[in-house]
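One structure is given below, encoded as structure tokens.
Every number in this text was worked out from the coordinates using simple rules, so none of it is lab data. Remember, predicted model here, so these are calculated numbers, not experimental data. Here Cβ is always computed from backbone atoms with ideal geometry, including for glycine, and neighbour counts include all displayed protein chains.
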Amino acid sequence: MPRIVVVGSINMDLVTLAPRFPGPGETLLGSRFLTAHGGKGANQAVAAARLGAEVTMVGALGRDAFGDQMHAGLAHEGIDLSHVARLDDEGSGTASITVAAGENQIIVVPAANACVTPAQVEDAREAIAQADAVLVQLEIPLDAVEATLRLARRLEVPVILNPAPAQRLPGDWLKLVSYLTPNQHELATVLDQGAHADFRELMRRAPCPVVLTRGGEGAWYRDSARSEPMHQSGFAVDVVDTTGAGDTFNGALAVFLRQGLPQAVRKACAAAALSVTRLGAQGGMPRQSELDAFIAGRSGT
Ligand code: RIB
């Protein structure tokens, strides 16, 4: 059973379904509202746990009703929460999400997530030392991200940096990363390049292996040893909600990394495809048996 440590955010997603996105100053009537457990870190932890990994989460929640619900939800998935702080003076993170025609718009209020510290990462040293892979994103303070990258590198544990939400990063950080998993916009931002640069060229410029997600088109990947980016096609499905697709991809990639990058990327694309067939970031994340059956039915992809 692979062991994965996820250092990242935990949010309550406040999801509104609408016929389209409203313009500035416009009020629309939506068709449905729901709360759903989310946050990039928590989503990646749940994706990995459902695929059979032993997962430890490092993060922070408020001691509020949302925090209680999300703590219970993560515990129910079998995730070790001994490194998730409960804060008395800060609320849990939230994400206001509008879903329209399968696309989404998201506003995150980090709250407790902004209080994740390098010291918490250091406290999780033993779990990180024993992990097969570490996952980290950019919804927590950058000093905690940096501490994760440096500790994983020091302990020689593969570390996957999912640079979302996109922001520019100090150049030397990327040399600490085992796999960078951006979409095109995120890669352009991280490398401080123009948004319209060719994504294959951007991949060549990155100083670390890159696995670039392209939504329904699948993913491109470039191991440092290979000179040219390789393509894995996407798996065609009926899209309900793309929220959390990238997180499912990352969680699956970490779980299957031991099988080699091409196989891990293929399984991650399949897991992400299944994830968009149901509402909510964690709603469609598959279990191992579901993923196996799906891939067996699509042997040509
Ligand atoms: O990647 C999707 C996630 O981004 C949502 O669950 C939301 O919480 C935001 O963090």
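Here the convex hull built on the C-alpha positions of the stretch 1-113 has a volume of 107 cubic angstrom per residue.
With the Cα gyration tensor of the chain giving a ≥ b ≥ c as the square roots of its eigenvalues, does the rule (a/c under 1.5 for rounded; else a/b larger than b/c for prolate; else oblate) give rounded, prolate or oblate? Here the chain falls in the rounded category. Extending 7 Å from the Cα toward the beta-carbon at both Ala293 and Arg200 defines two label points whose distance is 3.8 nm.
When the chain is treated as a GNM with alpha-carbon contacts under 10 Å, the residue of Ala48, Ala111, Ala272 showing the greatest mean-square fluctuation is Ala111. The overall shape of the stretch 139-242, judged from the alpha-carbon gyration tensor, is prolate: a/c is not under 1.5, and a/b is greater than b/c. Near Gly41: Cβ cut-off under 14 Å, other residues only, Lys/Arg at +1 and Asp/Glu at -1. The net charge is -4. A crude spin-label estimate for the pair Thr277 and Arg125, with each label 7 Å from Cα along the Cβ direction, gives 4.5 nm.
With N set to the residue count of the stretch 80-176, report its C-alpha Rg divided by 2.2 N^0.38 Å to two decimal places.
Numbers: Rg = 15.0 Å, N = 97, 2.2 N^0.38 = 12.5 Å.
Against the compact-globule rule of thumb, the ratio is 1.20.
How big is the antiparallel share of DSSP beta bridges in the chain, given as a percent to the nearest 5? Please report the intermediate quantities before stating the final value.
Working: 21 of 50 bridges.
Of those bridges, close to 40 percent are antiparallel.
Helices meeting the span-like rule in the chain (full DSSP H runs, Cα extent of at least 20 Å along the helix axis, mean Kyte-Doolittle score of 0.5 or higher): 261-275. DSSP bridge analysis restricted to the stretch 20-170 gives an antiparallel fraction near 45%, rounded to the nearest 5.
Take every DSSP beta bridge whose two residues both sit in the stretch 1-66; close to 60 percent of them are antiparallel.
Evaluate the charge dipole of the chain about its Cα centre and quote only its size in Debye, nearest 20, assuming +1 on the Cβ of each Lys and Arg and -1 on the Cβ of each Asp and Glu.
On the way: 25 positive and 32 negative charges, 173 e Å.
That gives the chain a dipole magnitude of about 840 debye.
Write down Rg/Rh for the stretch 228-301, rounded to two decimals, with Rg from the C-alpha atoms and Rh from the Kirkwood relation over Cα pairs. Walk me through the intermediate numbers first.
On the way: Rg = 11.5 Å, Rh = 12.2 Å.
Using only Cα positions, Rg/Rh for the stretch 228-301 is 0.95.
Look at the alpha carbon pairs under 8 Å that are at least 6 residues apart: their mean separation over the length of the chain gives a relative contact order of 18 percent.
Taking the helices alone, the chain has a mean residue ellipticity at 222 nm of -9500 deg cm²/dmol, built from -39,500 (n - 2.57) per DSSP H run of at least 4 residues and averaged over all its residues. Over the chain, with a Gaussian network built from C-alpha contacts below 10 Å, which listed residue (Thr189, Thr213, Thr27) shows the highest mean-square fluctuation? Sorting by GNM fluctuation, first place goes to Thr27.
Charge dipole (Cα centre; +1 on Lys/Arg Cβ, -1 on Asp/Glu Cβ; no other charges) of the stretch 159-228 amounts to roughly 100 debye.
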